[in-house]
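See structure below.
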Amino acid sequence: MTETQPNIVGVRFSKVGKVYHFEANSINLRVGDAVIVETSRGWQLGQVAQMVAEAGSLPEGNWKPVDRRATPRDLLLRQLWQQREAEIVAICKQRAKEIGLSNIKIISAEYSFDGAHLAIMYSSENEEKVDLKSLRSDMQKQLAPSQVEIRQIGPRDVAKIIGGMGACGLENRCCSKFLTDFSSISIKMAKEQGISLTPTEITGMCGRLRCCLIYEYEQYVQARKQLPKKNKRVVTPLGEGKVVNVFPLRDAVLVDLAGVGYREFTKEDIQPADELEKFTKKAQTPCEHDGCTGDCNHTNDKGGKKHA
């Protein structure tokens, strides 16, 4: 008997957030539908972001099911809790100030769909663990019966929540517009693309390396493999010169030619000088075999031609 393929849907809980998979065997859903699901942080209202053709490996236990399609009443209830979230942030900021927590910044608050859980997000300048037992206890008493959790988030998550213009001038930051995950970014990525290492050039509004440094990194790496590095000697149609700059995305290099100056050549128009010299030297070395016409490919230990 053939097993029935589970009907798996990807659900997103925020406009630009991760997609989580749920089983919807008993419900006919389409992309864009609002649904109610149970998560590790209580009941949540999310939106179907994708229909999953291949579910992949079964998670521990089983797929969590979609409870139901959200009703107009569910949507209104979620809006009411969202309106209260801004008030919660103000209350928490005031209380943190009163008990002397000057090294943290309250960023946002997020209720679960039914209000049973409340997560308050904060950031710390030195990113060290801060004792927030007193603050959590105070907020729990004030906001009961909701279960209060105070959670630390990093600089990139802060920028994602706050939003605003990107360092490059885009109206919305990438993290707030379409990035659902933060990739690992390194200085090497900027170097590979020839980007200035000036902090203002490679640092985003979050104070970390810009997420966009990874966008074209792989293309630059692959393109550079096909081109000579800087200071390498190359032979061009105008003579021999030294590579002074590399343009990976144009498949070209800038060469300094004696008596000519700087000229740009594509990779088809250049040849490494070292390889050409070796090839020429090998071709001109006479074969040690008697009667050889010089048209053989055998070499001796010294590099000279010799029949096997």
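Of the cross-linked pairs LYS129/LYS160; LYS15/LYS191; LYS105/LYS177; LYS18/LYS133; LYS64/LYS177, which ones have a Cα-Cα span greater than 31 Å in the structure shown?
In this structure, LYS15/LYS191 exceed 31 Å between Cα atoms.
Apply the Karplus curve 6.51 cos²θ - 1.76 cosθ + 1.60, θ = phi - 60°, to the phi angles in segment 113-123 and return the couplings in whole Hz, x for Gly and Pro.
Along segment 113-123, the couplings run 4, 9, x, 6, 10, 9, 9, 10, 9, 9, 10 Hz.
With an 8 Å cut-off on Cα pairs and a minimum separation of 6 or more residues, tell me the relative contact order of segment 76-153 in percent.
Normalised by residue count, the contact order of segment 76-153 is 29 percent.
Counting pairs of alpha carbon atoms under 8 Å apart in space and at least six apart in sequence, what relative contact order in percent does segment 1-123 give?
22 percent
Between GLU87 and GLN226, take the C-beta separation as r, use R0 = 45 Å, and let me know the FRET efficiency to the nearest 0.05.
My answer for the efficiency is 0.15.
Which percent, to the nearest 5, of DSSP beta bridges fully inside segment 1-152 are antiparallel?
If I count the DSSP bridges inside segment 1-152, around 80 percent turn out antiparallel.
Given a Förster distance of 41 angstrom, what is the FRET efficiency for LYS97 paired with ILE214, based on the Cβ-Cβ distance and rounded to 0.05?
With a Förster radius of 41 Å, E is 0.60.
Less than 10 Å Cβ to Cβ from TYR20, Lys/Arg counted +1 and Asp/Glu -1: what total charge do the surrounding residues give?
+3
Can you tell me the mean projection area, over all orientations, of the convex hull of segment 66-185's alpha carbons? Units nm², please.
9.9 nm²
Length gain on complete extension for the stretch LYS18 to VAL31, per 0.36 nm per residue less the alpha carbon to alpha carbon distance?
3.1 nm
All other residues with a Cβ under 14 Å from the Cβ of LYS225 taken together, and with Lys, Arg as +1 and Asp, Glu as -1, what is their net charge?
Its environment carries a net charge of +1.
Would you mind putting 234-247, 27-40 in packing order, based on average other-beta-carbon counts within 10 Å, highest first?
Most protected by this proxy first, the peptides run 234-247, 27-40.
Rule-based calculations on the coordinates, nothing more; no lab input. All of these numbers come straight from a predicted model, not from anything done at the bench. Note: ideal-geometry Cβ built from the backbone for every residue, glycine included; neighbour counts use all protein chains shown.
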